[in-house]
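Read the structure below first, then the notes.
The values are calculated or read from the model by the stated rules, or taken from the named source; none is laboratory data. For clarity, every value in this text was computed on a predicted model and none was experimentally measured. All Cβ positions, even for glycine, are placed from backbone atoms using ideal geometry, and neighbour counts span all protein chains on display. Accessible surface is based on the protein model in full, side chains and every heavy atom, while ligands, DNA and RNA are left aside. Shrake-Rupley method; radii C 1.70, N 1.55, O 1.52, S 1.80 Å.
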Amino acid sequence: MKKIILSAVAVMAFGFANAQEVKFGVKAALNVASLTGDVEDVSSLVGFQVGGFAEIKLSEKFAIQPEVLYSAQGAESDGEKFNLNYINIPVLAKYYVAKSFSLEAGPQIGFLTSAKIEDEDVKDFVSSTDFSFNFGAGYDFTENLSAGVRYNLGLTNVWDFDGSEDSIKNGVFSVSLGYKF
């Protein structure tokens, strides 16, 4: 994992050094989150994301976009809501297929801020970090206003209860609006 993080930092540092253009922005998204793996009768939970990003253009067609997002995730089962809240840090490679349309993909690390089933704190039973992979697409309506769709595929087991062999992972579909400065 250290190699992945160091590689991402190296790519970002190289990008800043060779960037043609850097734009900062804010974004908000509607999440449709769920849990996958060793779970039964689970339905999606609607949440949100909010945060900021930097789009670092390396060429006309290629950009790197690191983000910092607060994300409300989780799922619902048997009428109980399992709320997971994270500070997520994705680093996305963006390829502009056309002038305003881009495809994006990249790794993400999430840091758990809270975990509750209804009003009961279950943070001690949930992994404090969540590694995942994002892929999606974006469209720039104007130079400043953009929209995107993304799927966050969880790679690590979020259930961290001693002796449990269950593998439960996050899965989040999001639709976002962003504003670049």
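In order along the range 38-48, the Karplus-derived 3J(HN,Hα) couplings, from 6.51 cos²θ - 1.76 cosθ + 1.60 at θ = phi - 60°, round to 7, 9, 10, 6, 9, 10, 5, 10, 8, x, 8 Hz, and Gly and Pro are given as x. Computing FRET efficiency as 1/(1 + (r/R0)^6) for Lys61 and Ile87, where r is the C-beta to C-beta distance and R0 is 30 Å, gives about 0.50.
Hey, what did the chain get for relative contact order, percent, Cα under 8 Å, at least 6 apart? List each step's numbers first, then the result.
Working: 492 pairs, mean separation 37.2, N = 181.
Relative contact order, the chain: 21 percent.
Sequence-ordered 3J(HN,Hα) estimates for the range 28-35 from the Karplus curve with 6.51, -1.76 and 1.60 and θ = phi - 60° stand at 9, 9, 9, 9, 10, 10, 8, 10 Hz, glycine and proline given as x. Helical runs assigned H by DSSP (4 residues or longer) give the chain a calculated mean residue ellipticity at 222 nm of -3000 deg cm²/dmol, each run adding -39500 (n - 2.57) before division by the residue total. Derived scalar couplings between HN and Hα for the range 92-109 equal 10, 8, 10, 10, 7, 5, 9, 4, 10, 10, 10, 10, 9, 7, x, x, 8, 10 Hz in order, rounded to whole Hz, by the Karplus curve 6.51 cos²θ - 1.76 cosθ + 1.60 (θ = phi - 60°), x for Gly and Pro. Comparing Asn134, Asn144, Asn157 in a Gaussian network model of the chain (Cα springs below 10 Å), the most mobile by mean-square fluctuation is Asn144. Compared with the dominant Cα axis of the chain, that is its longest principal axis, helix 2-18 is turned about 30°.
Share of the chain's accessible area from carbon and sulfur, percent, 1.4 Å?
Numbers: 6000 of 9750 Å².
After summing per-atom areas, the C and S share lands at 62 percent.
Taking 18 Å as the cut-off for C-alpha to C-alpha distance, list the pairs among Lys23/Lys180; Lys123/Lys169; Lys27/Lys116 that go past it. Numbers along the way, then the final one.
Details: Lys23/Lys180 6 Å; Lys123/Lys169 15 Å; Lys27/Lys116 25 Å.
From the list (Lys23/Lys180; Lys123/Lys169; Lys27/Lys116), the Cα-Cα distance tops 18 Å for Lys27/Lys116.
Counting only Cβ charges, +1 for Lys and Arg and -1 for Asp and Glu, the dipole size of the range 37-181 around its Cα centre is about 1200 debye.
Averaged per residue, the chain has 54 square angstrom of accessible surface, using a 1.4 angstrom probe with ligands and nucleic acids left out.
When the chain is treated as a GNM with alpha-carbon contacts under 10 Å, the residue of Asp130, Asp166, Asp41 showing the greatest mean-square fluctuation is Asp41.
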